[in-house]
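A quick write-up on the structure given underneath.
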Amino acid sequence: MPSSLPVLDFARLGQPSEREGFLEELRETARGLGFFYLTGHGIEPGLIADVLALSRRFFDLPEKDKLEIQMIKSPQFRGYNRAGLEHTRGRPDWREQVDIGPEQEVRALDRTAPAWTRLIGPNLWPSALPELKPALLRYQAEVTALGIRITEALAESLGQRPDVFSPIYTPAPNQLLKIIRYPGRRPEDGDQGVGAHKDSGFVTVLLQDKVSGLEVEGEDGWIKAPPIPGTFVINVGELLELASGGYLRANVHRVVSPPESADRLSVAFFLGARLDSSVPVLALPPALAAQVRGVTQDPQNPLFRDVAKNYLKSRLRSHPDVARAHHADLLDPADRARPVPASAY
């Protein structure tokens, strides 16, 4: 197991002499550590700089302007959370953030409809920073396209058609974009920026600013993943682990809080399948099928092939205040009374 994340150049995929070698390296990396830095991704440096600058400007706003879009106001789990309001494995994560999903018209509440339809609706945008909306929606579109291209390459590396997953992400995948700030903390206050967990979708596309904190689980302990300018950190999600029977690896990772004198900024994009879809099981070529190791099972976080069931479970557990305010009928009776129900991980 490596002691650092490998660096893969996505531009090699478009070079006939490099294509097969790149796909083999991608497959082995996604099967092994499940994390890598990506260069040659094609996202404009100017857009990346704008997104980071606007994210910083948002978090620098007075608290009243940030609370204008507080997530508790959104049944769709969109908007701003102060540090400590999202949970991983039942413990608060020390980060403030804004969650942005697909920009959609809200549906009238219909308790006879599938529960996932409640997640359809608009994002919340701060009136004090109108530039944020167009920049983040443009960025979301760009990283969605990149995430699909990576997913297609992973499918091809497994001996599949590149579009094998198209039926569960067209005409539009599930999208979740987070702009995140991790405040500095004293050691005695704890170091959980985000607790150890896996991601649930196809792939995650992570943009880091300048301060380290991301760590990936390795065989001999935690592997640090410091920012490398011009790269994204890419990791495999549980959907691909499920689809490949465990051939690909959705790996555990966490974020350690920065020291008291600093803070950390990142922008995470999670590419998911449509909420009305079910994860297929791929028929792998015999040589790969012989190496299938089975899907990881965690009693605290059971996985389902029903995409909506997995995603809604995560939202309800990660944001207990929003769940109780808007979706109490979806919670177990015991969870309705708990101050902090068990988290998704």
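The values are calculated or read from the model by the stated rules, or taken from the named source; none is laboratory data. The shown structure was predicted, so the numbers you read here are calculated from the model rather than taken from an experiment. Note that each Cβ is placed from the backbone with ideal geometry, even for glycine, and that neighbours are counted across all protein chains shown.
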Whether any residue in the stretch 200-218 is free of Cβ contacts under 8 Å to residues at least 40 places away in the same chain and in contact with a His (Cβ under 7 Å, 6 or more places away or on another chain) is what I want to check.
yes
Set V194, V205, V267: member being in a strand (DSSP E or B), more than 17 Å from E86 (Cβ to Cβ), in contact with a Phe, Trp or Tyr (Cβ under 9 Å, 6 or more places away or on another chain) and not basic (K, R):
V205
Inter-residue pairs, beta-carbon under 8 Å, first surrounded by 20 or more Cβ atoms within 10 Å (Cβ to Cβ) and in the stretch 302-329, second acidic (D, E) and at pLDDT 90 or above, 6+ apart:
L303/E238; V307/D276; A308/D276; N310/E238
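If we keep just the residues of the stretch 19-60 that are acidic (D, E) and surrounded by 15 or more Cβ atoms within 10 Å (Cβ to Cβ), which is nearest to A145 (Cα to Cα)? Step through it out loud before you land on a result.
Start the filter on the stretch 19-60 by keeping residues that are acidic (D, E), which leaves 20, 24-25, 28, 44, 50, 60.
Within this subset, residues satisfying the condition of being surrounded by 15 or more Cβ atoms within 10 Å (Cβ to Cβ) are 25, 50.
Values: E25: 21, D50: 19 Å.
Taking the candidates together, the pick is D50.
Yes/no matrix, rows are residues, columns are (1) under 16 Å from the mean Cα position of the chain (by Cα); (2) over 30 Å from E18 (Cα atoms); (3) of a type outside the set (S, T, Y); (4) at pLDDT 95 or above:
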site: R78; (1), (2), (3), (4): yes, yes, yes, yes
site: L146; (1), (2), (3), (4): yes, no, yes, yes
site: F165; (1), (2), (3), (4): no, no, yes, yes
site: A172; (1), (2), (3), (4): no, yes, yes, no
Of a type in the set (S, T, N, Q) and surrounded by fewer than 19 Cβ atoms within 10 Å (Cβ to Cβ) - does that describe any residue in the stretch 151-158?
no
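Would you check if there is a residue in the stretch 38-45 being closer than 26 Å to I223 by Cα and of a type in the set (A, V, I, L, M)? Even if it seems obvious, please write down each step before you answer.
Start the filter on the stretch 38-45 by keeping residues that are closer than 26 Å to I223 by Cα, which leaves 38-41.
Cutting the leftovers down to of a type in the set (A, V, I, L, M) gives us 38.
Yes, the stretch 38-45 contains a residue that is closer than 26 Å to I223 by Cα and of a type in the set (A, V, I, L, M).
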Can you report the number of residues in the stretch 106-144 which are surrounded by fewer than 17 Cβ atoms within 10 Å (Cβ to Cβ), within 22 Å of the chain's Cα centre (by Cα) and of a type in the set (K, R)?
2
